[in-house]
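Participant: The structure follows.
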Amino acid sequence: MINETTAVPAPASTPRGEPLLSVRNVSKYFPGSHSGLLGRRGTPIKAVDGVSFSVDQGQTLGLVGESGCGKSTTGRVISKLLEPTSGEIRFNGRDIAGLKPREMKSYRSEIQMIFQDPFSSLNPRHTIGTIVGAPFRIQGVKTEHGIKAEVQSMMERVGLNPEHYNRYPHEFSGGQRQRIGIARALSLRPKLIVCDEPVSALDVSVQAQVVNLLEDLQSEFGVAFVFIAHDLSVVRHIADRVAVMYLGKIMEIADRDTLYSEPLHPYTHALMSAVPVPDPRKERRRERILLTGDLPSPSNPPTGCVFHTRCQKFREELTDVQKNRCRTEVPVVTENAPGHEVYCHFPAPRAGLTDLLKTGAAT
Ligand SMILES: Nc1ncnc2c1ncn2[C@@H]1O[C@H](COP(=O)(O)OP(=O)(O)O)[C@@H](O)[C@H]1O
Ligand code: SF4
Ligand SMILES: [Mg+2]
């Protein structure tokens, strides 16, 4: 007899208490170019080097850093377009390394990607109907008639005219093409979308519209985002948490409000000081933190703290003994406050952007 206290096992797809996505110590090394007469492999390119973060259902993680720091590679590893060299990725309670082919198919529908350049990611010879409907066809989930109805309703939802179902990508503007990419990504109701610089190629005026659309769709569909951007201004509104990457590693990760009001890492300070402030008086008075020198090669990263060759604090504030520590000792990621992790031997709060970006109130 079944009584009220009989435990009903939760379906495997809804584990309790685990984040939707959990990335633990994940690295992706690419083989270096062949070199020398013996044809030996060059040193590996450490595109991603031991990153850890998690994303809850329906939440957005902003992933920010200069070009070449490993953001896209991280996104591709999560989406399983690339295999990680090491580390563990759990999605929806399961380790994705050992997925069987059938589970892999469902994983592919649960994680989608949106790319920076919507034009190059859309087949120019396919109509919007074919592009947005493709995931349905691949998964074999709907009849042609059903696909058309689904696609048109999705087109409407992302702000495209459903009558343009038979048009081709070149007939749309950049912003509209990004909407097509979003419709395609959403068409299978994924649990997570990796948005790889989705607005970087768009005009500033269109950027906000696309970010707002993504936010609306997130509340409607409960989808989580990993939102990649190269500067901190784009993710400020949309992200719940923000991770700042440099040379394949996460320098700092925190809740959005904490990161923008009290950043601890010198690299975050530098990125923040590059975000324009609308109030000219505040803009004039603020301190600029310059990032000198080029991004080192990920196949030959600096010793100790990978950021030491460009760190202003290292150059201007530290004693010789402290500098030596930065040069020789790899920082251990420490949790400064709950959920606020930083990779630096000498983290120290500095005013962030929150006050500078406040409008109205005079200071
Ligand atoms: N397929 C690849 N083969 C070799 N190196 C790669 C490959 N993809 C990316 N890289 C290198 O890995 C590093 C990180 O690249 P990427 O993840 O694209 O950075 P981001 O998206 O932050 O600009 C760069 O140095 C890049 O040149
Ligand atoms: S460990 Fe040293 S070099 Fe690295 S970020 Fe901190 S202060 Fe700068
Ligand atoms: Mg990239």
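The values are calculated or read from the model by the stated rules, or taken from the named source; none is laboratory data. Just so it is clear, the model here is predicted, and its values are computed rather than measured. Cβ placement follows ideal geometry from the backbone for every residue including glycine, while neighbour counts extend to all protein chains displayed. Calculation scope for accessible area: heavy atoms of the full protein, side chains included, ligands and nucleic acids excluded. Shrake-Rupley method; radii C 1.70, N 1.55, O 1.52, S 1.80 Å.
Participant: So, with +1 on the Cβ of K and R and -1 on the Cβ of D and E, and no other charges, what is the size of the charge dipole of the chain about its Cα centre, to the nearest 20 debye? Before the final figure, lay out each step's value.
Facilitator: On the way: 44 positive and 39 negative charges, 178 e Å.
Approximately 860 debye in magnitude.
Participant: Relative to 2.2 N^0.38 Å, what does the C-alpha radius of gyration of segment 281-363 come to as a ratio? Two decimals please. Mind showing how you got there, number by number?
Facilitator: Values: Rg = 15.9 Å, N = 83, 2.2 N^0.38 = 11.8 Å.
With N residues counted in segment 281-363, Rg over 2.2 N^0.38 Å equals 1.35.
Participant: Show me 240-246, 118-124, 149-155 ranked by packing, highest mean number of other Cβ atoms within 10 Å first. Working shown, then result.
Facilitator: Numbers: 240-246: 24.9, 118-124: 16.1, 149-155: 18.4.
Going from most to least packed, we get 240-246, 149-155, 118-124.
Participant: For segment 230-293, treating each Cα as an identical point scatterer without solvent, what Debye log10 I(q)/I(0) comes out at q = 0.12, 0.15, 0.30 1/Å?
Facilitator: Computed log10 I(q)/I(0) values: -0.30, -0.47, -1.45.
Participant: What number does segment 95-150 give for Rg over Rh if you use C-alpha atoms and the Kirkwood radius? The partial results should precede the final answer.
Facilitator: Values: Rg = 13.6 Å, Rh = 13.1 Å.
Rg divided by Rh gives 1.04.
Participant: State, to one decimal in nm, how far the label point of Asp255 lies from the label point of Ala351, with both points 7 Å from Cα in the Cβ direction.
Facilitator: Placing both labels 7 Å beyond Cα along the Cβ direction yields 2.3 nm.
Participant: Here's something else I'd like to know. Express as a percent, rounded to the nearest 5, the fraction of DSSP beta bridges in the chain (both residues included) that run antiparallel. Intermediate values should be presented prior to the final figure.
Facilitator: On the way: 28 of 46 bridges.
That works out to approximately 60 percent antiparallel.
Participant: Once the Cβ-Cβ distance between Asp95 and Thr143 is put in as r, and R0 is 41 Å, what FRET efficiency do you end up with, to the nearest 0.05? Intermediate results must be reported in sequence, preceding the final value.
Facilitator: Numbers: r = 35 Å, r/R0 = 0.86.
In this case the efficiency is close to 0.70.
Participant: Longer than 29 Å from Cα to Cα, which of Lys249/Lys282; Lys71/Lys105; Lys28/Lys105 are they? Say none if no pair is. Could you put the intermediate results ahead of the total?
Facilitator: Details: Lys249/Lys282 32 Å; Lys71/Lys105 24 Å; Lys28/Lys105 23 Å.
With Cα atoms farther than 29 Å apart: Lys249/Lys282.
Participant: Let me ask something else. Please report, as a whole percent, how much of the solvent-accessible surface of segment 251-336 comes from carbon and sulfur atoms (probe radius 1.4 Å). Intermediate results must be reported in sequence, preceding the final value.
Facilitator: On the way: 2300 of 4580 Å².
Reported share for carbon and sulfur atoms: 50 percent.
Participant: Restricting to Cα atoms and excluding each atom paired with itself, what does the Kirkwood estimate give for segment 190-289 in Å?
Facilitator: On the way: mean 1/r = 0.0676 Å⁻¹.
Averaging 1/r across every pair of different Cα atoms and inverting gives 14.8 Å.
Participant: If you don't mind, there's one more thing I want to ask. So, R0 is 41 Å and r is the distance between the beta-carbons of Arg24 and Lys282; what FRET efficiency does that work out to, to 0.05? Each step should come with its number before you reach the end.
Facilitator: Details: r = 40 Å, r/R0 = 0.98.
Computed FRET efficiency for Arg24 and Lys282: 0.55.
Participant: While we're here: Could you tell me the ratio Rg/Rh of the chain? Both radii from Cα atoms, Rh via Kirkwood.
Facilitator: 1.01
Participant: In percent, what relative contact order does segment 227-363 have, based on Cα pairs under 8 Å that are 6 or more apart in sequence?
Facilitator: Details: 182 pairs, mean separation 41.6, N = 137.
Relative contact order comes out at 30 percent.
Participant: Using alpha carbon centroids, what distance separates segment 148-179 and segment 223-244, in Å?
Facilitator: Between the Cα centre of segment 148-179 and that of segment 223-244, the gap is 25 Å.
Participant: Let me ask another. Just to confirm a number: summing +1 for Lys and Arg and -1 for Asp and Glu over residues other than Asp203 whose beta-carbon lies under 15 angstrom from that of Asp203, what do you get? Write out the running numbers ahead of the final one.
Facilitator: Values: positive: Arg177, Arg179; negative: Asp117, Glu197.
My count for the surroundings of Asp203 gives 0.
Participant: Sticking with this structure for a sec: Between Ala134 and Asp117, how many nm apart are label points set 7 Å from Cα along the C-beta direction?
Facilitator: Modelled inter-label distance: 1.6 nm.
Participant: Now for a separate question. Going by the alpha-carbon gyration tensor, a ≥ b ≥ c the square roots of its eigenvalues, is segment 125-186 rounded (a/c under 1.5) or, if a/c is not under 1.5, prolate (a/b greater than b/c) versus oblate?
Facilitator: Numbers: a/c = 1.72, a/b = 1.62, b/c = 1.06.
Taking the square roots of the gyration eigenvalues as a ≥ b ≥ c, segment 125-186 is prolate.
Participant: Could you give me the ³J(HN,Hα) list for segment 197-211, computed from phi with Karplus coefficients 6.51, -1.76, 1.60 and θ = phi - 60°, whole Hz, x at Gly and Pro?
Facilitator: Whole-Hz 3J(HN,Hα) from phi for segment 197-211: 6, x, 10, 4, 8, 9, 4, 3, 5, 7, 3, 5, 4, 5, 5.
Participant: Hey, another quick one. GNM on the chain, C-alpha springs below 10 Å: top fluctuator among Phe227, Phe115, Phe30?
Facilitator: With Cα springs under 10 Å in the chain, the top fluctuation among Phe227, Phe115, Phe30 is at Phe30.
Participant: In whole Å and largest first, what semi-axes does the C-alpha gyration tensor of segment 86-189 yield when each eigenvalue is scaled by 5 and square-rooted? Don't skip to the end; give the middle numbers.
Facilitator: Numbers: eigenvalues 151, 53, 24 Å².
Those come to 27, 16, 11 Å.
Participant: Cα-based Rg (one decimal) and Dmax (whole number) for segment 262-310, in Å?
Facilitator: Gyration radius and largest Cα-Cα distance of segment 262-310: 13.7, 43 Å.
Participant: Defining a contact as two alpha carbons under 8 Å apart and six or more residues distant in sequence, what relative contact order in percent does the chain show?
Facilitator: Computed over the chain, the figure is 18 percent.
Participant: Using alpha-carbon positions, what is the distance between the centroids of segment 100-133 and segment 286-363, in Å?
Facilitator: Result: 38 Å between the Cα centres.
Participant: Further, regarding this structure: With a bin width of 5 angstrom, please list the P(r) values of segment 48-131 as percents of all Cα-Cα pairs, from the 0 bin to the one holding the largest distance.
Facilitator: P(r) for segment 48-131, in whole percents per bin: 3, 10, 20, 23, 19, 14, 9, 3, 0.
Participant: May I pose another question? With a sphere of radius 13 Å drawn around the Cβ of Gly222, what net charge do the other residues whose Cβ falls strictly inside it have (Lys, Arg +1; Asp, Glu -1)?
Facilitator: Working: positive: Arg189, Lys191; negative: Asp56, Glu110, Glu215, Asp216, Glu220.
My count for the surroundings of Gly222 gives -3.
Participant: Using the C-alpha gyration tensor of segment 67-112, what are the square roots of 5 times its eigenvalues, in whole angstrom, with the largest one first?
Facilitator: Numbers: eigenvalues 80, 27, 15 Å².
The three semi-axes for segment 67-112 are 20, 12, 9 Å.
Participant: Right, here's the next one. Rolling a 1.4 angstrom probe over the protein heavy atoms, how many square angstrom per residue are accessible across segment 90-249?
Facilitator: Values: 6960 Å² over 160 residues.
I get 43 Å² per residue for segment 90-249.
Participant: Could you estimate the translational diffusion coefficient of segment 208-363 from the Stokes-Einstein equation, with Rh from the Kirkwood formula over C-alpha pairs, at 25 °C and 0.890 mPa s, in whole µm²/s?
Facilitator: Details: Rh = 16.9 Å.
Result for D is 145 µm²/s.
Participant: State to the nearest 20 debye the size of the charge dipole of segment 245-363 about its Cα centre, where the only charges are +1 on K and R beta carbons and -1 on D and E beta carbons.
Facilitator: 420 debye
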